[in-house]
Amino acid sequence: MGLLNPQNFIYALSLALLILIYLRSRSRPTVEVSSLMLFDEAPAPVASVRHVRIDPLFWLEMATLTALTLAIAGLYVMRPRTPGHGRIHALVFDLGAGMSARDRSGTRLDQARRDAIEIINQAPPGDEFSVIAYALEADARHPQTANRADLRNALGDLVPMAVPARTAALQAALIRARGASEIDLFADRPPAAAILADAARVARLNFHQVGSGDSNLAIVSLDPGIPRSTQGRAVIRNFSARSHLCELAIDLGNSEQFHQTLMLAPREQVVVPFGPLKTGGVLHARILTPDAIDADNDRYAYAPSEQAAHVLVLSPDAAVRDDIARVLLAVNANFQIETADPAGYLARAGASGASAKPLELAVMHDCYVPAAGAASTLLIYPPEPAKNSPYASPIGIFVNGTLVSADIRSDAIGQAPAIESLTLGATRIVALPEWMDLIATASGPAHSSIPLAAIGRAAGGPVGVLAFDVRDHLLLAPDHLDALVLTVDLIKQLTAPRDILIVPTGADVSVPATATARVTQPDASVRTVTADKWGRVRIRPLQAGRYTVASGGQTIQVFANYYDAAESDLGAKPQAEAKAPAEKAAASNAQSAGEVQPLVFILIALALLAMTIESALLIGHAGRWGMRHV
Amino acid sequence: MLEARAFEPEFLRKLDRLVLGIKRARTVRAGQRALGRIQGLGIEPENFKQYAPGDDLRFLDWNAFARFDELMLRTYRADRQVEVTALVDASASMGLPERDDKLGLALAIGASLAYIGMADNDAVRIGAFAMHRGAMKLDATPFHRRRESYLNFRPFVMSVKAGGETRLGAAVDQLLLQRRPAGTVVVISDFLVNEGDAADALKRLVAARHDVKVVHVMGEQESTAAYPSGLFRVRDVETGEVRETVLGPSTAAAIRRKVEKIAARMREICTTHAITYAQAFGAGNLESIMERELPRLGLVR
């Protein structure tokens, strides 16, 4: 027995109102009599009499209101399930990285799969099931069907992803499951109470928590350092509540650079220095000690080449040129940097033709010089086309105006560094071409969202854009570190090798391709993707490891790293607010063997019966005492 | 309203055979109240007496003188009419409980007694009393003697409304101030007044040589305490005093006991002063009261 809509039980307040009305009315009636002399010997009223002695009309009204309240609140009883009733179930699975954690009996997803199959086996033949999965977003894996073989196949196809399970995705999955009369949610940690309560309004929700172990190590970050210059660092974290051994190996290409076994205290995070590396390349850190989640045991980073690379910095402001040069050297000390005023550079370039040295990167501040001919270009504060300048407009990038100031918004797109709200100076309002990916946005007067940082691959090479001005030593100001972080991030992405991409799992990756591309995933599966009109294919790595994109005789490697502190922390206790619904849902599981039978009609019938009896009593009362006493 | 019943021909026919139980005294005896005590020029012989100097020689019985050789004087009963006043309590208490129609019952009894009194061609009137704005208001009809004029009472009877406080003593004071000859006064009231006030008023009427008769009127609901049960505030309609009480079986029993006490006390007062006391409880019993109860008590014959 329970309530389908417990919040409607608030109508029980009407009972309190009835009692108040009754007590008040009991104290009110006044009867005029011929003389109080007649009442001289009547017993004096006792206080308790006023509150305790209640007449049948009151009890009938109480019964009526109680029945109606319970009917509104959805009182139901469980009754044995009738075969062939044809109920609809939704099986909702969490496919976040936590579900790949191994216990003694396999992964958590395996356990959830077994539980789901048991539910399917116990269901009457007429019941139908749908399979919905969620991690970054909700996905209906199998539509509603009564075919058990198809359902088992759909369950068998579920694979955990190396991404955290998002709350929004869970909500979307529960919304998709709303057509079902019963929802079975399988996850390794209880969601927020409000989400469960919201879903329970439209369907019966059973939450199944799977998994118990908490033994997990993770590589939090990997910094290769600068070859031959500075040490690299790997940050290792123990999420277990007990000490844990960690055998760490770091490879550069095919050669092992570092190998060490560490003892990590409970929930300790350590920084492991190594190097400096002798040469650049793809650095691969591995935890060799077995633990629960594999996805966070590997991490890739790219160590820049130790060979000199030429970088051109153009800006009409000498101080800006100096600041950018400092930042570039901080990113890679092997950069050979040439700074110039754009007007002077144009005259020199016109006189001597193309630059003799191939440029790795051209950084242009408040100017655009197409003749620079660099492999990649970073535009900072691109010039306005209306400005009567000798420069041409950057290809595909249009400047529509300038804001005096703008605030960086924290809802940065993709995997840009976490950015707090920060006020910048002058900022260009730029319109980006479709082939560019937005990294960060800003808001300003009369503009809720304008692009602040973006990167894309044009035909001539990668192009990055920073819309804000960096004059007045903005990049070196300690109060504007976020602007510096955005700049460094873009420089790193622009100077990375063309055939190597290192991205976090779940990020959208754009890779140049011709016509079609063969994508080989970390589990060695291969799929073919068609390039879009911009000559690129987009992939979204959902597993940690190396992806290979082969197209037109060119091969690009995409290394996907996974780490999420919340998802990897298997020992995290559920929130207090989430514990109650979890227990409640667990309790409801015991009842799930039965079928809900609402008692609405019975309760309404009882209310009508009580009202009829009350009416009869009132009629009799009126006949006996007159209407004044009713 | 019940008072209209007193003017219905069918009801009046039942009263035709009744007469008021009035003591018409032929002699004056010490310690005895009597009406028509003065000798007069009546036609009904009453007694003989020895002649005394100064007696009217016209009443000498010459036959007796011839037979007994004594001067005997024949006396006659004075042929006098008795004034009958039906004094009805019209205070507010007579209006409640409404369904009891106590005032209607009292007026009907008063009018009926007036009709009966007219059988002997006695002078009859109906009066109603109640306090009005702090002063006693005693309204009464003129005296009527013949039954043909009975319907003259109707406008007055139908116009009486309950209201005001009961002050029996003040009403008697006002009645005695009219200095009417001693007659019959029928007091019809619920007597929900101070015991001393009622006893004192009746005593003064008796002292003025009136033949006093009391009809104690109570409603059926009032006397049986048939109120709905529950917690109520009861308000005295005359004084406005309010009291909270629980109406129920125990309260009803207490009220019934109180009614019995009041009736017993009134009976005791009336017995003490040789006043005829009759109870008229319940408006539904008007006919049985008039035909059986009042004759049984000697109020009518």
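Odds and ends about this structure:
- Distance (nanometres) between label positions extended 7 Å along Cα→Cβ at A:Leu617 and A:Glu32: 2.9 nm
- Among the residues of A:156-169, the average count of other protein chain beta-carbon atoms within 10 Å of the residue beta-carbon is 0.
- Helix-only CD estimate at 222 nm, as mean residue ellipticity for chain A, using -39500 (n - 2.57) per DSSP H run (n ≥ 4): -8500 deg cm²/dmol
- Highest-first arrangement of A:236-242, A:154-160, A:608-614, where packing means the average Cβ count within 10 Å: A:236-242, A:154-160, A:608-614
- Cβ crowding within 10 Å ranks A:Glu247, A:Glu61 as A:Glu247, A:Glu61, fewest other Cβ atoms first.
- With neighbour counts taken as other beta-carbon atoms within 10 Å, the residues A:Ser315, A:Ser215 rank, fewest first, as A:Ser215, A:Ser315.
- Tensor-based shape of region A:432-585 (alpha-carbon gyration tensor, a/c under 1.5 rounded, otherwise prolate or oblate): oblate
- Think of each Lys and Arg Cβ as +1 and each Asp and Glu Cβ as -1; about the Cα centre, that makes the dipole of the protein assembly as shown roughly 4120 debye.
- Entries in B:Lys203/B:Lys261; B:Lys14/B:Lys102; B:Lys49/B:Lys203; B:Lys161/B:Lys203; B:Lys14/B:Lys258 that, when Cα-Cα distance is taken, lie over 24 Å: B:Lys49/B:Lys203; B:Lys161/B:Lys203; B:Lys14/B:Lys258
- Trypsin sites (Lys or Arg not before Pro) restricted to region B:142-233 and DSSP loop, no more than 11 other C-beta within 10 Å: B:Arg146, B:Arg179
- Rounded tilt (10° steps) of B:195-207 against the dominant C-alpha axis of chain B: 10 degrees
- Across every pair of non-identical alpha carbons in region A:161-220, the mean reciprocal distance, once inverted, gives a Kirkwood radius of 12.9 Å.
- Of B:Pro45, A:Asn5, A:Leu494, farthest towards positive along the dipole that unit charges on Lys, Arg, Asp, Glu beta carbons give the protein assembly as shown: B:Pro45
- Annotation for region A:181-196 versus region A:224-294: alpha-carbon center distance of 36 Å.
- In degrees, nearest ten, helix B:249-272 long axis to first principal axis of chain B (Cα): 20 degrees
- Cα-based shape type of the protein assembly as shown, given that a ≥ b ≥ c are square roots of the gyration tensor eigenvalues and the cut on a/c is 1.5: prolate
- Membrane-span-like helices in chain A (whole DSSP H runs, Cα extent of at least 30 Å along the helix axis, mean Kyte-Doolittle hydropathy of at least -1.0): A:600-625.
- Relative contact order of chain B, pairs being alpha-carbon contacts under 8 Å that are 6 or more residues apart, as %: 19 percent
- Histogram of C-alpha separations across region A:285-350, 10 Å bin width, %: 18, 30, 20, 14, 11, 6, 1
- When you restrict to C-alpha pairs under 8 Å that are six or more residues apart and normalise by the size of chain A, the relative contact order lands at 14 percent.
- Region A:419-486: relative contact order in percent, alpha carbon pairs under 8 Å with at least 6 residues between: 28 percent
- Average partner coverage of B:254-262, which counts Cβ from other chains inside 10 Å: 4
- Overall form of region A:217-304 per C-alpha gyration tensor (a/c, 1.5; a/b vs b/c): prolate
- The fewest-to-most ranking of A:Ser34, A:Ser221 by surrounding Cβ atoms within 10 Å reads A:Ser221, A:Ser34.
Only the coordinates and a few stated rules stand behind these numbers; no lab work does. These numbers come from a predicted model, not from an experiment. In this analysis, Cβ positions are derived from the backbone assuming ideal geometry, glycine residues included, and neighbour counts consider all displayed protein chains.
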